[in-house]
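The values are calculated or read from the model by the stated rules, or taken from the named source; none is laboratory data. Everything quoted here is computed from the prediction, not taken from an experiment. Neighbour counts run over all protein chains shown; Cβ positions are idealised from the backbone, glycine included. Quick note on the areas: whole protein, heavy atoms, side chains included, nothing else; ligands and nucleic acids left out. Shrake-Rupley method; radii C 1.70, N 1.55, O 1.52, S 1.80 Å.
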Amino acid sequence: QVQLVESGGGLVQPGGSLRLSCAASGKFFSIYTMGWYRQAPGKQRELVARITGDGSTNYGDSVKGRFTISRDNAKNTIYLQMNSLKPEDTAVYYCNRAPMATMNWGQGTQVTVSS
């Protein structure tokens, strides 16, 4: 059973940056398309970025040009570099397979953008 462990969240001022990490256990990670999702209070979880096994990326309109997803298959890890953060980016961030989240969810990592 694959386990996902997200880290790297925190409190940051508007315009700041954070880098999130997601470590996955299990085999065959390198062939999966993986994604970063987020869930803000009172809202549904949404997919914000995804990356194929060979590194092709896709972003939601709300984060395009500000967020960069990457992966290190040797470490079974994906990353999300978040720049120019806005208060509306405040959410719990999760990783999972994409576009269908078929793995068990991890605990997520809280990102709060506030002055």
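Remarks
- Only residues that are open to solvent by 10 Å² or more (accessible area, probe 1.4 Å), part of a strand (DSSP E or B) and of a type outside the set (D, E, K, R) were counted in the stretch 74-112, giving 8.
- Tally, over the stretch 1-32, of residues that are in contact with a strand residue (DSSP E or B) (Cβ under 7 Å, 6 or more places away or on another chain), more than 21 Å from residue 56 (Cβ to Cβ) and of a type in the set (Lys, Arg): 0
- When the stretch 79-100 is filtered for residues that are within 10 Å of residue 4 (Cβ to Cβ) and among the hydrophobic types (A, V, I, L, M, F, W, C), only 95 remains.
- From the list 71, 19, 38, the lone residue that is crowded, with 19+ Cβ neighbours inside 10 Å, touching a residue at least 40 places away in the same chain (Cβ under 8 Å) and charged (D, E, K, R) is 38.
- Wholly enclosed strands (runs of 3 or more DSSP E) of the stretch 1-73 bearing at least 1 residues modelled with pLDDT of 95 or more and more than 14 Å from residue 89 (Cβ to Cβ): 4-7, 18-24, 34-39, 46-51, 57-59, 67-72
- Residue selected from the stretch 49-63 under the condition within 12 Å of the chain's Cα centre (by Cα) and in contact (Cβ under 8 Å) with a residue 24 or more places away in the chain, by the criterion nearest to residue 84 (Cα to Cα): 63
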